[in-house]
Amino acid sequence: MITELGHFTLILALFVAVVQSILPMVGAHKGWSGWMAVAEPAAKIQLVLVGFAFAALMHAFVTSDFSVRLVVENSHTAKPLLYKISGVWGNHEGSLLLWVLILSLYGAMVAWFGGNLPVRLRARVLSLQGMIGVAFMLFMLLTSNPFLRLGDPPFNGADLNPLLQDPGLAFHPPFLYLGYVGMSMSFCFAVAALIEGRVDAAWARWVRPWTLAAWLFLTIGIALGSWWAYYELGWGGFWFWDPVENASFMPWLIGAALLHSAIVVEKREALKAWTVLLAILAFGFSLIGTFIVRSGVITSVHAFANDPERGVFILLILGVFMGGSLSLFALRASALEARGIFAAISRESGLVLNNLLLTVSCFVVFLGTIWPLLAEILWGRTLSVGAPFFNAAFTPFMIAVAIALPVGGLIPWKRAKLGRAIWMLRGALTLAISIAALVWAMQTGRSILGPLGCALAAWIVAGVLVELWQRGGRGTLRARLGRIGHLPRGDWGKAVAHAGFGVTIFGVCAVLAWQSEDIRVLRTGESYDIGPYSITLDAVHEGQGQNYLTTIADMRVAKAGKQIAVLHPEKRFYPVARMPTTEAAIDYGITRDLYLVIGDPQDDGGYAVRSYIKPFANWIWGGAILMALGGVVSLTDRRYRMAAGAVRAAG
Amino acid sequence: MKGIFCAVALSLLAWPVFAVQPDEILADPALEARARQISQGLRCPVCRNENIDDSNAGIARDLRLLLRERLVAGDTDEAAVDYIVERYGEYVLLRPPAQGTTIVLWAAGPGLFLVGLLGAGIYLRRRRTAAPDAPLTEEERRRLAELTARD
């Protein structure tokens, strides 16, 4: 009954979205305020309806209603409650419903907080949101309905993929989708602005918080996914350049570019057409990401044939939205003339370079991701494009971004002198070079990534500090610190996010350059050394979890004769899904992670044991957290809060 | 998401085999280091974008053993890789060689960057020499009046 209600409200939400996409658009065109006013209640009603549908599906999962096909395919009564809930979006149909739920949430947010937007712009933005909603709800209802029932319900379900039964991955999709779908906001603002032919500082100020929010959610989502891969897959890799990972990384890169170019529009009224194009592309890459993940076309051309309906439908959505918006862009872009004048060396040109590097690096990722598909279709060549390609082709652009960042952050708007900026950064430069030299001397014969990563990280973080110090102006230390303390939150956000970027670079380079590994057969009672640690396998015993069987090892870690940890790496087997997983045991630390994995029993009685020392691994995600935190701090900046305050005063 | 595919393929087996096993490791550490390095550039043929060094699949183990056999037999790195590519096809190379049409893949990034740099240069030049703000158009004047009247 509740399932049917959910199904029904989803269909109702589709009709509301149809109304929301047509009436306000016509009203905005004709200047009929009554028609435009339909947008806000429609957006709120849509949220309520989709929210109910989502709750209904969740109810089916939590109560293990095995008359619903989706629940049978992705759940089981013995599964812990958390994974019954996360099972709702751990599959194609349910994740689409989450997608639409978040879309309608963003729509309702515009209705709630968009009081300071011009009436026409708001109506158009909400109408465009409605159109995206229509497309995805149609997609769901026609090809991937989560509410389908089974005539002959089985006694129990097939269980969720055990790899997905993990707290890190339970929350990875919601954050990722908050990011993907958030990009639809910038898209709607961009298209609405194109329809109006007006892009100005005010527009940039409205767009930026939405983009910032989307980008920071995407950052968290990607970091969660990467962290999950690190501890779950059993060898401590954190990024694989997998098509699915690239799908989330491309909108992140374009989103980062958009964040920066929107500043130029806001402060200097330049780069307008480019910013609008980026806003369109950011959502385009979100759709392409959805297409890649949902159609399976990149994984294998043949998987596409398994489900041509879905792939073609998403391609159609992509074609309509990208084709439509890009044609509109081609027609209207020339009308978006720039106002601000600036010299070839200026903050503006620094941000142009930032945009160039970020978009080209995104293009490299995109091309590498679809290249196997292109090669097969065009030339009948089956080839692979994997991590070695991306590492070689993508990394140089990131190095360039890292080198340019402190300079670009420091030089003034309009006109700048490069020499002056570099003079201000002389301390940071000296620090970076000396650290690199020191590391180079200490790590004889290891990867160049070590000194390079340290130098770049030091350069960026020291550059951020120099910039803050400069912002403190002149005078006594006290006066300077006081002024630095009172800098706008936007500046603090920038500092924190940039420092986070440096920290992540350091973590990545440190792990890649300095990790060590040990693989061996170990009998119980035996011990071995890795780095400064001595590890003893005390015992191996069998156990049983809520829905799995497990083999647990007790491993004692000692350093210089003193015990520092007892770790329990596990090997699990999920009988319902008939899948094994490894659960690495990690002793987390600031300077290193000790990472233990227990493998197969060997013929002669021992166990295969793999151990790794991962230096500074946590800094990778620490940096990502800092980047997201920078976004949050920026979002609380006075100029956005003032806008929100204006709404409260008006309401 | 990675690894799921392989894990699914493996679910037919009772118990998984893991990436590089202790019994595969060569006695000569220099040779083993070369084998590890090469393994990371070779794709497991039944996995989704996973190299044979990390893969749990049986065929990845076969490839690892084959590669070590070739290295022990005295092959250079290139010869060992060629030997495997000859038998399993270009598909196993995770780093496609810049030959034939694949040159486009390698050149596209730097090429686009140069084009973009040129475009940015032209744009910056124009921004530097652009005429000062044009006076308000008739429509803008009307809109301004409209806005100020509203307050």
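All of the numbers you see were taken from the coordinates with simple rules; none came from a lab. Since the structure is predicted, the reported quantities are computational estimates derived from the model, not experimental observations. Every residue, glycine among them, receives a Cβ derived from its backbone with ideal geometry; neighbour counts consider all protein chains shown.
Between region A:47-106 and region B:46-85, the alpha-carbon centres lie 42 Å apart.
Out of all Cα-Cα pairs in chain A, roughly what percent, to the nearest whole number, are more than 31 Å apart? Every Cα pair in chain A considered, those over 31 Å come to 58 percent. Peptide B:45-55 is shielded by partner chain Cβ atoms: per residue, an average of 4 of them sit within 10 Å of its Cβ.
Scanning residues 5 or more positions from A:I530 or on other chains, those with amide H under 5 Å from its amide H are A:I535, with H placed 1.01 Å from N in the peptide plane. The Kirkwood radius of region A:11-89, taken over pairs of alpha-carbon atoms, gives through the Stokes-Einstein law at 4 °C and 1.567 mPa s a diffusion coefficient of 89 µm² s⁻¹. Put the Cα centre of region A:432-481 next to the Cα centre of region A:340-378 and the gap is 27 Å.
Taking other Cβ within 10 Å of each residue's Cβ, how do A:F113, A:F139, A:F389 sort, fewest first?
A:F113, A:F139, A:F389
One equal scatterer on each Cα of region A:516-618, no solvent, Debye formula: the resulting log10 I(q)/I(0) at q = 0.10, 0.20 Å⁻¹ is -0.28, -1.01. In this structure, B:A33 and A:S527 have a Cβ-Cβ separation that, at R0 = 25 Å, corresponds to a calculated FRET efficiency of about 0.55. Couplings 3J(HN,Hα) of region A:243-249, computed from phi: x, 5, 5, 4, 4, 8, 6 Hz, in residue order, whole Hz [Karplus 6.51 cos²θ - 1.76 cosθ + 1.60, θ = phi - 60°; x for Gly and Pro].
Working from label points 7 Å from Cα in the Cα-to-Cβ sense, the A:T77 to B:D62 distance is 4.3 nm.
Please arrange A:K30, A:K267, A:K494, A:K571 by how many other C-beta atoms lie within 10 Å of their C-beta, fewest to most.
Values: A:K30 10, A:K267 16, A:K494 21, A:K571 24.
Starting with the residue having the fewest Cβ neighbours, the order is A:K30, A:K267, A:K494, A:K571.
Each label point was placed 7 Å from the Cα along the Cα-to-Cβ direction; for A:R339 and A:L326 their separation is 3.1 nm.
What order do you get for A:H486, A:H29, A:H76 when you list them from fewest to most C-beta neighbours inside 10 Å?
Working: A:H486 8, A:H29 14, A:H76 21.
Lowest count first: A:H486, A:H29, A:H76.
Ordered by packing density, taken as the mean number of other Cβ atoms within 10 Å over each peptide's residues, highest first, how do B:120-128, A:97-105, A:79-87 rank?
Values: B:120-128: 14.8, A:97-105: 24.2, A:79-87: 18.9.
Top of the packing list down: A:97-105, A:79-87, B:120-128.
Quote the relative contact order of chain A in percent (integer), defining contacts as alpha-carbon pairs under 8 Å separated by 6+ residues. Mind showing how you got there, number by number?
On the way: 1160 pairs, mean separation 75.5, N = 651.
Relative contact order of chain A: 12 percent.
On full extension, the segment bounded by A:L141 and A:A158 gains 3.8 nm, given 0.36 nm per residue less the C-alpha separation. In order along region A:622-628, the Karplus-derived 3J(HN,Hα) couplings, from 6.51 cos²θ - 1.76 cosθ + 1.60 at θ = phi - 60°, round to x, x, 5, 5, 4, 4, 5 Hz, and Gly and Pro are given as x.
Which whole-number percent is the relative contact order of region A:516-618 (Cα, under 8 Å, 6+ apart)?
Values: 248 pairs, mean separation 25.4, N = 103.
Once normalised by length, the contact order is 25 percent.
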